[in-house]
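The values are calculated or read from the model by the stated rules, or taken from the named source; none is laboratory data. Source: prediction; values computed, not measured. When we count neighbours, we look across all protein chains shown, and the Cβ atoms used for this are built from the backbone with ideal geometry, even at glycine.
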Amino acid sequence: MPRKIAARRSAIHGNGVFAVQPIAKGERVIEYKGQRRTHEEVDAGESGDIDTGHTFLFTLNDEYVIDANFKGNDARWINHSCMPNCEAVLEEDEGKDRRLDKVFIEAIRDIAPGEELSYNYGITLAEKHTRELKKIWECRCGSPGCTGTMLQPKSDKKKKKQEKKKEKLAGEAKRAKLA
């Protein structure tokens with residue numbers, strides 16, 4: 001089967017992953033691969049931290065993190081967007097070994113060749129979202145509904161306001177397309 005995606009330089013940030021063939025809504029695009037490490041191992045290591053805003057870590061479950069710095073694949077290059085065309089989907093293994101859980105990136109709408117794949121990273125931090133942290137975790141997606149940060153809102157009020165803004169912009173874009 002021909003490959004549907006390719007990694008290359010991105011206007012959003014560094015590298016990105018792009019469709020080279022049409023991808024249908026609901027299609028499983030790629031598994032997020034990497035070494036399974038405990039949260040404690042990751043916290044003690046140098047694979048990514050709160051101060052850099054750059055990480056290939058994906059929280060798998062309460063026990064493990066996928067560290068794509070080791071044995072990672074092209075999924076690690078998929079950039080964040082506030083108006084994504086993909087989502088991360090967790091597939092839990094039926095056994096008791098949580099290391100066997102997997103994460104897949106799936107299309108949430110049709111994606112045309114040449115379009116960059118993106119999903120919302122859903123980064124949550126216990127720390128207060130200071131100006132410095134928002135700068136470190138700056139979003140560069142360029143979408144009309146961009147929040148300016150990859151950090152998820154702490155309060156429901158802010159989250160609802162951002163969701164309303166995204167819905168309004170998506171509706172305007174759809175109406176403009178139909179006109």
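In this structure, does residue 141 turn out to be modelled with pLDDT under 95 and hydrophobic (A, V, I, L, M, F, W, C)?
Judged against the criteria, residue 141 is a match.
Show the residue pairs meeting these rules: Cβ distance below 8 Å; 6+ apart or different chains; first residue within the stretch 106-131 and among the basic types (Lys, Arg); second residue surrounded by 15 or more Cβ atoms within 10 Å (Cβ to Cβ) and in a loop (DSSP other than H, G, I, E, B).
Going by the 8 Å Cβ cut-off, the qualifying pairs are 109/85.
So, residue 34, is that one within 24 Å of residue 13 (Cβ to Cβ), at pLDDT 90 or above, out of contact with any Pro (no Cβ under 6 Å at 6 or more places or on another chain) and buried (at least 16 other Cβ atoms within 10 Å of the Cβ) or not?
Taking the combined requirement at face value, the residue satisfies it.
Going by the structure shown, is residue 108 in contact with a strand residue (DSSP E or B) (Cβ under 6 Å, 6 or more places away or on another chain), surrounded by fewer than 20 Cβ atoms within 10 Å (Cβ to Cβ) and closer than 20 Å to residue 7 by Cα?
yes
Matching residues to (1) more than 19 Å from residue 152 (Cα to Cα); (2) among the basic types (Lys, Arg); (3) not in a helix (DSSP H, G or I):
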residue: 58; (1), (2), (3): no, no, yes
residue: 61; (1), (2), (3): no, no, yes
residue: 71; (1), (2), (3): yes, yes, yes
residue: 84; (1), (2), (3): no, no, yes
residue: 88; (1), (2), (3): no, no, yes
residue: 109; (1), (2), (3): yes, yes, yes
residue: 113; (1), (2), (3): yes, no, yes
residue: 126; (1), (2), (3): no, no, yes
residue: 129; (1), (2), (3): no, no, yes
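For the list (1) part of a loop (DSSP other than H, G, I, E, B); (2) modelled with pLDDT under 95; (3) surrounded by fewer than 19 Cβ atoms within 10 Å (Cβ to Cβ), I need the number of the one condition that residue 43 fails.
Among (1) part of a loop (DSSP other than H, G, I, E, B); (2) modelled with pLDDT under 95; (3) surrounded by fewer than 19 Cβ atoms within 10 Å (Cβ to Cβ), the lone unmet condition for residue 43 is (1).
Somewhere in the stretch 79-93, is a residue more than 25 Å from residue 147 (Cα to Cα), surrounded by 14 or more Cβ atoms within 10 Å (Cβ to Cβ) and either modelled with pLDDT of 95 or more or among the acidic types (Asp, Glu) (or both)?
Looking through the stretch 79-93, none of the residues is more than 25 Å from residue 147 (Cα to Cα), surrounded by 14 or more Cβ atoms within 10 Å (Cβ to Cβ) and either modelled with pLDDT of 95 or more or among the acidic types (Asp, Glu) (or both).
Please go through the stretch 90-105 and give me each residue that is touching a residue at least 40 places away in the same chain (Cβ under 8 Å) and over 14 Å from residue 36 (Cβ atoms), ordered by number.
Result: 104, 105.
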